[in-house]
Ligand code: CA2
């Protein structure tokens, strides 16, 4: 059976490619989703790709994924640095979790240096732009194959 990987995106990532391209690049979230779909097909994975500006939507999707998905890739955006609730939801998951950031958060403001999500993540990729999502998918395929 094909494993499904859920890819979640947090607040304001729907604005990608429209504002602040010097930080986040020129690709839109739809461009990133298309690239993820192509690579996932090559890796033999199915993906679900979602974005919300609402913390509770992200938490509900994480909880649903506990039953339905084999792994989770998440760019929690600003919730990375604030959300104990998302960290708690992730901590209840037993599958691999990869945290992705487009920008190198460690080169930015001090408030971006701490991630609650990292406390629950299997791995973290930051500063690789949209490519970070593709690197995370490759790592997810590796982790799922290793666990099979
Ligand atoms: O680098 C990342 O991927 C971040 O998760 C992006 C978040 C930021 O709060 C994190 O510290 C790092 C911000 C996403 C907002 O994206 C925008 C895109 C275009 C225009 C405005 C915001």
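Any read-out appearing in this document is the output of simple, stated calculations on the displayed coordinates, not a laboratory observation. As the structure is a computational prediction, the values presented were derived from the model and not from experiment. Note: ideal-geometry Cβ built from the backbone for every residue, glycine included; neighbour counts use all protein chains shown.
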In nm, give the distance between the simple-model label positions of residue 67 and residue 107, each being 7 Å from the Cα along the Cα-to-Cβ direction. 4.3 nm
Can you tell me how the chain classifies by the Cα gyration tensor, rounded, prolate or oblate, using a/c under 1.5 as the rounded cut? oblate
Could you work out the helix-only [θ] at 222 nm for the chain, with each DSSP H run of four or more residues adding -39,500 (n - 2.57) and the total divided by the number of residues, to the nearest 500 deg cm²/dmol? -12000 deg cm²/dmol
Sorted on mean Cβ neighbours within 10 Å (highest first), peptides 46-54, 16-24, 125-133 come out as 125-133, 46-54, 16-24
Distance in nm between pseudo-label sites at residue 138 and residue 57 (7 Å out along the Cβ direction from Cα): 3.1 nm
Inter-part gap, Cα centre of region 1-35 to Cα centre of region 115-145, in whole angstrom, is 14 Å
Sorting check: for 78-90, 106-118, which peptide has the highest mean count of neighbouring beta carbons within 10 Å, and how do the rest follow? 78-90, 106-118
So how do 37, 146 line up by other beta-carbon neighbours within 10 Å, fewest first? 146, 37
Added length on full extension, which subtracts the Cα-Cα distance from 0.36 nm per residue, residue 81 to residue 42: 10.7 nm
Quick one: length gained pulling residue 91 to residue 18 fully straight, 0.36 nm per residue minus the C-alpha distance? 23.0 nm
